[in-house]
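Only the coordinates and a few stated rules stand behind these numbers; no lab work does. What you see is a predicted model, and the numbers here were worked out from it, not measured in a lab. Cβ: placed from backbone, ideal geometry, glycine included. Neighbour counts: every protein chain shown.
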Amino acid sequence: MTDSLYDVIIIGGGPGGLSAALYASRAKLKTLVLDKSKTAGSLAFASLIENYPGLEKPMSGGELLDIFRKQAEGFGTEYKEAQVIGVSIGGEVKEVFTMEASYHGKTVIIATGSMGRKAAIRGEAEFLGRGVSYCAICDAAFFRSKTVCVLGDSEEAAKEAGLLSRFAETVYLISPTNKLKVEDDYPALKIPNVKVMLGKVVVAIEGGETVERIRIKAGGSESELAVDGVFVYLMGSKPIVDFLQGSVEVSEEGCILTNREMATNVPGVFSAGDVTCTEARQVVIAAAHGCLAALSAEKYIFGRKKARADWH
């Protein structure tokens, strides 16, 4: 286990997670970032950023994230695009599970942001696990040769539709907006069995033992579409903590509770960014949280009484 043991495992590749990675790897800690998608976070969706200190000209959130990522990787951070589906963090060695592998670390930093959402579509909660899913890579194989739909207008939704197209007979990509947040020549949109439906809102998911159909509203009229599965990629503002399964203390709103050093109630587990429900959701605040979390992780690993801020 020694060879595969990381000093720091960071869940989330937004400004909080990548800032933590920069500080951790710069401190010569073996650091791994597990990021669901380079395009899934709130910063990645931002079309223009001009209030982050040091920017000489405005840029998109995606461009700024690329700079964060390259800087962290330049100091030795290992970056993997993988969805975390569970954790075991109560022991001295923490374990983080993805669909492809599990990873072991001395510390964990949770920086998953707050773009989650409560089940809002009629029937969504009822059919969760019986045709409704939030993870294409987890459940695509269950829908081999069937008809499914993906709800959302983001690049993440389009990418997941492409993944599902390798299993399902037909994939409907249903967007509530009249334009997807990807270029017209995005690869997934060219796949023959991916059918794009714009400007339509799914108002109900219906069926018997499993999902059988959805109800779609466009304008003033409703229609019905037969599907076997519904993959939801609509955005919200709820902290993304479901994969933790109650292993760290959260508030009534689902926010991860930390002290001033970004430490949670679990020794060796820290948190940063919007998942802690900051007063103002700004890139600079998330980055500062990431810095503090990494310094605290280094202090925890070496049993220091005071965090070190520089390693020159």
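Under a model in which nothing but the beta-carbon of Lys, Arg (+1) and Asp, Glu (-1) is charged, the chain shows a dipole of about 480 debye around its Cα centre. Measuring between alpha carbons in the structure, the pairs from LYS106/LYS238; LYS57/LYS200; LYS80/LYS299; LYS118/LYS306; LYS57/LYS80 lying more than 31 angstrom apart are LYS57/LYS200; LYS118/LYS306. Our summary gives the range 132-232 a relative contact order of 30 percent, counting only alpha carbon pairs under 8 angstrom and 6 or more residues apart. Ranked by how many other Cβ atoms sit within 10 Å of their own Cβ, fewest first, the residues HIS104, HIS289 fall in the order HIS104, HIS289.
Each label was represented as a point 7 Å from its Cα along the Cα-to-Cβ direction; for ASP66 and LYS80 these points are 2.5 nm apart.
Over the residues of the chain, the helix contribution to mean residue ellipticity at 222 nm works out to -6000 deg cm²/dmol, using -39500 (n - 2.57) for each DSSP H run of at least 4. Here ASP242, ASP185 are placed in order of increasing Cβ neighbour count within 10 Å, fewest first, which gives ASP185, ASP242.
Within the range 132-232, antiparallel bridges make up roughly 45 percent of the DSSP beta bridges whose residues both belong there. Between the beta carbons of LYS179 and GLU50, assuming R0 = 30 Å, the FRET efficiency works out to 0.80 to the nearest 0.05. The modelled label-to-label distance for the pair ARG144/LEU198, using points 7 Å beyond Cα in the direction of Cβ, is 3.6 nm. 3J(HN,Hα) along the range 114-125: 9, 10, x, 8, 7, 4, 10, 8, 4, x, 4, 5 Hz, from the Karplus curve 6.51 cos²θ - 1.76 cosθ + 1.60 with θ = phi - 60°, whole Hz, x for Gly and Pro. Net charge within 9 Å of SER223 by Cβ-Cβ distance, Lys/Arg positive one each and Asp/Glu negative one each, not counting SER223 itself? Taking every other residue near SER223 into account, the sum is +1.
Using the Karplus relation 6.51 cos²θ - 1.76 cosθ + 1.60 with θ = phi - 60°, the per-residue 3J(HN,Hα) values for the range 163-172 come to 5, 5, 4, 6, 10, 6, 6, 9, 10, 8 Hz, with x marking Gly and Pro. Summarising the strand pairing of the range 1-133, around 40 percent of its internal DSSP beta bridges are antiparallel. How big is the gap, in Å, between the Cα center of the range 1-30 and the Cα center of the range 260-275? Centre-to-centre (Cα) distance: 14 Å. Neighbours of ALA24, meaning other residues whose beta-carbon lies under 13 angstrom from its beta-carbon, give a summed charge of +2 when Lys and Arg score +1 and Asp and Glu score -1.
For GluC sites (Glu not before Pro), the sites in the range 12-110 that DSSP calls loop and that have at most 13 other Cβ atoms within 10 Å are GLU50, GLU56, GLU92, GLU100. When the charge dipole of the range 132-232 is built from unit charges on Cβ atoms (+1 for Lys and Arg, -1 for Asp and Glu) and taken about the Cα centre, the candidate among LEU198, ALA136, THR210 whose Cα reaches farthest toward its positive end is LEU198. Under 5 Å between amide H atoms, partner at least 5 residues away or on a different chain: which partners does MET197 have, H built in plane at 1.01 Å? The list, which skips near neighbours in sequence, is LEU173, ILE174, SER175.
Each part reduced to its alpha carbon centroid, the range 55-113 and the range 137-154 end up 25 Å apart. A cut-off under 13 angstrom between Cβ atoms defines the neighbours of GLY208, and their net charge, with Lys, Arg +1 and Asp, Glu -1, is -3. Round to the nearest 10 and give me the degree value, 0 to 90, for the angle of helix 283-302's Cα axis relative to the longest principal axis of the chain. Result, in degrees: 50. Note on the chain: antiparallel DSSP beta bridges, both residues inside, total approximately 40 percent of the bridges counted.
One decimal place: the segment ALA120-LEU257 gains 46.8 nm when fully extended, by the rule 0.36 nm per residue minus the C-alpha distance. When the trypsin sites (Lys or Arg not before Pro) in the range 232-299 are filtered for DSSP coil states and for at most 12 other beta-carbon atoms within 10 Å of their beta-carbon, the remaining sites are ARG260.
The H on the amide N of LEU5, modeled in the peptide plane, is under 5 Å from the matching H of no residue at least 5 residues off or on a different chain.
Between GLN245 and LEU225, the modelled labels are 3.3 nm apart [label points 7 Å from Cα along Cα→Cβ].
At a Cβ-Cβ separation cutoff of 4.7 angstrom, cysteine residues of the chain with no neighbouring cysteine are CYS149, CYS291.
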